[in-house]
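Let me begin by presenting the structure, written as structure tokens, before commenting on it.
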Amino acid sequence: MTGVYLSLYLQDRPELGRGSGAERMCSCPSPAHEDRKPSCSVHVETGKWYCHGCGDGGGVVKWLRLARGLPGPEALRTARRLGLAPEPPVNGRRPFSPNGRRPYRQPRSVENAPVAALPQRYGACYRYCTPDGTEYARVFRYPESHPGRKADPYTLLSNGLYAGTWTHRAPQKRWPYRIETLPESVPVVIVEGEKCADALAGLTEEVGVVSWLGGGGAVLRTDWNALAGREVVLWPDADGPGREAMAKMVKELDRIGAAEVKLIEPEQDRPSGWDVADAISKDGWGWEETQQFLLQAERADHQECRRLRRVAEKVLVRAEGIDPDRIDWIWEPYLPAGAVTLMAGAPGCGKSFLSTALAASLSQGLTPFHRRQTEKVRTAILSLEDDPARTIVPRLKACEADLGEIVIFDWRHREADSLETLSMREGTRGELLRVLREGVRMHGLRMVIIDTLTAFTPAGVDGHEAVAVRRMMKPLARFATDCGVGVLVICHARKRSSHDSTHGVQATVLGSVDYVASCRSALLVQRDPKAEEGTAGVMTHAKCNFGPLGATLSFSIGADGWKWGEERRESGDEIEQALLARKDHRRIREREKQREARRAARKTRMKERIRTYIEQNPGEGISTRELRENIEIRCDTIAGVLNHMLEEGRLIRRRKGKQKVLWSLVEDGNRQRMQSGEKPLKTGSRFQTGSQEPERNGNRLVSMNSRTCPVENSGPRARTGGEKREPVLGTGLHPETETKRNQGSDKDSPKLRGRSP
């Protein structure tokens, strides 16, 4: 075979011919290994190869698959065609390979032949088929005299390389024995073993007989779904393993939905292992005796099945047997009795004061808001946030409540430490609902207010998990229904607005949407967008499972106490949008104020820098250009700052030449005169102190200062208001214009435009 392997491998690796002996070197056939130097050793006699670089190796089939890119079946067929791979088994036997060696050991197989053609070591063969009659397994039984092993199962392979052959192992997918011959609309008898099934089926066709593959531990590995909806009788062997196997069968048949399951209990005087085959072959039973024995079967239900049946009879009731019940209201349509109502709102919107006002109004026998006469409602207030003596009772008195109709949960007492969670468990932290049940009997409570729900939530409950929220709210709803009490639960709202989500009010509540979904009524408390001052809110009816929604009500909390407002037509989303718009407007105003403050501070810093620079550079004045170049000030704002300082009387402006303006500081005496309202002393173009009189030209002052020469204001930087002023960066007046102004013809002078120096 050396030449055969060499002729095959040399087609892919020509360098294999180098060297001599059984071991040759070549490059690796794997395309994933870029083998520059030969690192793969090949044994030319056996065809085995191994790469010392990547660690891959194998035989001729793997070589063809890697070197030539052939799929697995095609590579195997090519190797068989060349005589380098074993042929498939024929008649249960695999031939020797062409190289004289025996192939790899395969599972033992049997001949696909009739039952009569059995190997001598077996005593019987039983065929297992699918419900449509396709054979999938066989069980070969040894004679009873054979010691040790009793049966050999074989499975027919349906796919893979050896499809159509038999392998010596039990099948993974199993169906009952004789399931393909099971008639319809007849009772089914399940027995242990193929021999018992064939013996009972040979007596009559009035019942169907089935069994299963394997012992008592393989009952649940069989697919029994074909027996759903049928009457089944179980006939176990008279031994312990048989009874245990049938007990598992009872549970499995109940799971798949069998119509009726009956179990036969063999008499105690029967020998151990007595079965159907013994009754027919040894005791000589016919169909009459067998039928009488089957009629002794009693209904067999698993203990869990019996319990579930009792529970189902109680909890699953026909609708025709339930009488409609009238809905009781504490405050229609907002607070139903016997149900849980959720009140959600942001912190500071007045929801706790609102709940107190509701309890106060109901304690007086008046409905909230409309103040209509009704029965007095005794209310229990449970709050872990507000102190009873400092907060709750003063609020009740401010709302003119009848304190005799109010019960308050005193969380300051040491006995209340174990009652801080909503739970129905006994002997653990969380007996609050059990205590409330006793409070209903003792005080005659009709309404319970829980403020807030988060404070009474157990530590292990995740408020954002739907299942955990449902488990917590279910006992609370059961308490409200059993006691006929209206429960008002207060919770906080999330920061995100409700109109951003499609869930509406459910998205408003902080936590899972199941808080709202588990309640029958939901109230949303928001700030009043129309109120400018004080604490004012709006209560919106967002959900009601018992009728139409109520109107939106407004309220206010001021120095004079609690006051109800008026009915509104806005929905919760509309109020939320109005609040957001108001908040945006307030934010814009705050930003504008901050911007003005920053602008004023920046202008103050500019004035200080200008004053400091002029003080440090004394002389006849500082030009605008020099100020721009030496002071770190934006050029487009220095003109406004200089003009403002000129108006405040801190600077003096005069013209030097035609296009140069000089700035200097005002002396202290003249500044005091200007601040007191007196006219400052002027001489020429500068203020002077002392008693020196200003230079006059007739009745007018002769001065180049622009403040003594008002002209018509013009230009884009002109200021509005008061008198008209010259632009800040004016270049002075033309001599002719100066003469006309001195002569009193200011209204005839042309408009002057400022020029930058």
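Structural remarks
- Residue check for Ala279: surrounded by 18 or more Cβ atoms within 10 Å (Cβ to Cβ) and under 30 Å from Glu405 (Cα atoms): no
- When Arg221 is tested against (1) touching a residue at least 40 places away in the same chain (Cβ under 8 Å); (2) open to solvent by less than 10 Å² (accessible area, probe 1.4 Å); (3) touching a strand residue (DSSP E or B) at 6+ places or on another chain (Cβ under 9 Å), only condition (2) is not met.
- Hey, Glu596 open to solvent by 40 Å² or more (accessible area, probe 1.4 Å) and more than 21 Å from Ser361 (Cα to Cα) or not: yes
- All of (1) closer than 20 Å to Pro131 by Cβ; (2) part of a helix (DSSP H, G or I) hold for Gln172 with one exception: (2).
- Matching option when the condition is open to solvent by less than 50 Å² (accessible area, probe 1.4 Å), farther than 30 Å from Thr367 by Cα and among the hydrophobic types (A, V, I, L, M, F, W, C), among Ile614, Ile575, Ile588, Ile557: Ile614
- Scan of region 176-194 for residues that are open to solvent by 50 Å² or more (accessible area, probe 1.4 Å) and closer than 27 Å to Arg121 by Cβ, ordered by number: Arg178
The values are calculated or read from the model by the stated rules, or taken from the named source; none is laboratory data. Here the structure is a predicted model, which means the values were calculated and not measured. Heads up, the Cβs are rebuilt from the backbone with ideal geometry, glycines too, and the neighbour counts pull from every protein chain shown. To get the accessible areas, we keep the full protein, side chains included, count just its heavy atoms, and leave off ligands, DNA and RNA. Shrake-Rupley method; radii C 1.70, N 1.55, O 1.52, S 1.80 Å.
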